[in-house]
Structure formats: C-alpha cells, structure tokens
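Have a look at the structure below, then the notes.
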Amino acid sequence: MENLNDTMLYTLDKCFRTYNQFAQRNVRQAGYDITIDQWLILKSVAENPTITQNDISKIVFKDNASITRIIQLLVGAGYLVREAHPSDRRRVTLTLTDSGYQVTQKVNEIAIENRAKALKNIDEKSIEQMRQLMQQIIANCQQS
C-alpha cells in the first residue's frame with residue numbers, strides 16, 4: 001500500500017486545503033468576518049447579477065443545500081438581498097448590498113495578495129504546466 005504523502009492527488013488536495021486555510025486566516029486577520037466560500041458566492045453574484053443558485057453551486061463546488069444556507073447567512077449579515085424572481089416564482093434574484101459589494105472588493109484585494117504569496121518563486125512556465133496538468137486530471141475524471 002502506498003503512503004498517502006507519496007500520492008500526487010493527495011498532495012494536490014493538501015495543497016488546496018492548506019491554501020484555503022492560509023487565505024481564510026488572512027481574511028480574518030484583515031478584520032473581515034466572512035468565509036472564503038461566502039466571498040466566492042458574493043463574487044459570483046457581483047460578476048453575474050442574473051446568476052442562479054444552481055449556477056453558483058457549480059462554480060463553487062457546493063451542493064444546493066449548502067448554497068442556500070450560505071446565502072441565508074449572507075442575507076442575515078446584510079451582504080445580499082434575496083427576492084422572488086419577478087417572472088419565475090421558483091427562482092430568486094440575488095443582489096449585492098452596498099456593504100456586500102464593499103466586502104467583496106476588499107476580500108478580492110486580499111485574494112490577489114494571497115495568490116501572489118502562494119505562487120511566489122514559481123515561474124510562469126511552471127504555472128502554465130501545472131494548469132495544463134490539472135485540466136488533464138479534470139478531463140480524465142469527467143470521462144468516467
């Protein structure tokens with residue numbers, strides 16, 4: 001049986017989890033009481049005001065129940081407004097509040113800094129190779 005630390009996909013998962021913890025810590029240290037998942041939802045709404053909860057779940061890799069819970073938290077925090085869709089009662093319209101927009105922008109600045117720190121001393125060629133490798137892994141897994 002191979003050792004977990006010797007498997008590439010375990011290392012990749014560990015990398016993502018370590019980065020997420022690092023990013024979350026930096027957001028908290030900057031004084032924002034928001035999770036990375038909450039920020040991703042706010043950013044998704046900011047980038048696409050007509051986005052559906054189902055589309056958000058695909059973007060952030062969360063199930064619909066989790067998205068609903070997170071949206072409720074964001075509404076409660078005053079970052080989002082959730083209203084019935086004017087023409088489709090099964091859908092909702094999500095709108096960023098002013099404070100939601102501001103926190104999205106501020107945390108986005110932190111995210112840019114986080115990525116720069118995480119990728120420090122890694123050249124563009126290596127980053128592109130890694131991107132291609134990860135895209136191939138995704139494609140391989142989606143073919144199954």
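The values are calculated or read from the model by the stated rules, or taken from the named source; none is laboratory data. Only a predicted model underlies this, so the values are computations on that prediction, with no experimental measurement involved. Neighbour counts run over all protein chains shown; Cβ positions are idealised from the backbone, glycine included. Remember, those area values only see protein heavy atoms, side chains included, never the ligands or the DNA or RNA. Shrake-Rupley method; radii C 1.70, N 1.55, O 1.52, S 1.80 Å.
Using a simple spin-label model with pseudo-atoms 7 Å out from Cα toward Cβ, Glu109 and Met1 lie 4.9 nm apart. Note on Lys125/Gln29: beta-carbon distance plugged into 1/(1 + (r/R0)^6) with R0 of 30 Å gives a FRET efficiency of 0.40. Karplus-derived 3J(HN,Hα) values for the stretch 93-102, using 6.51 cos²θ - 1.76 cosθ + 1.60 with θ = phi - 60°, are 10, 10, 10, 6, 7, 4, 5, x, 5, 4 Hz; glycine and proline are entered as x.
Per residue, the average separation of C-alpha pairs within less than 8 Å and at least 6 apart gives the stretch 78-125 a relative contact order of 29 percent.
Rounded to the nearest whole Å², what accessible area per residue is found for the stretch 80-144 with the 1.4 Å probe?
With all protein chains present, the stretch 80-144 gives 80 Å² per residue.
Here the average projected area of the convex hull drawn through the C-alpha atoms of the chain stands at 11.5 nm². The relative contact order of the chain comes to 20 percent, based on Cα pairs under 8 Å that sit 6 or more residues apart. Put simply, the convex hull of the Cα atoms in the stretch 35-103 casts, on average, a shadow of 4.2 nm². Taking Leu80, Leu42, Leu119 as the candidate residues, the one with maximal mean-square fluctuation in a Gaussian network model of the chain, Cα springs under 10 Å, is Leu119.
Sequence-ordered 3J(HN,Hα) estimates for the stretch 106-113 from the Karplus curve with 6.51, -1.76 and 1.60 and θ = phi - 60° stand at 5, 5, 4, 4, 5, 4, 5, 5 Hz, glycine and proline given as x.
Here Gln142 and Tyr19 are evaluated by their C-beta separation; at R0 = 30 Å the FRET efficiency comes out at 0.85.
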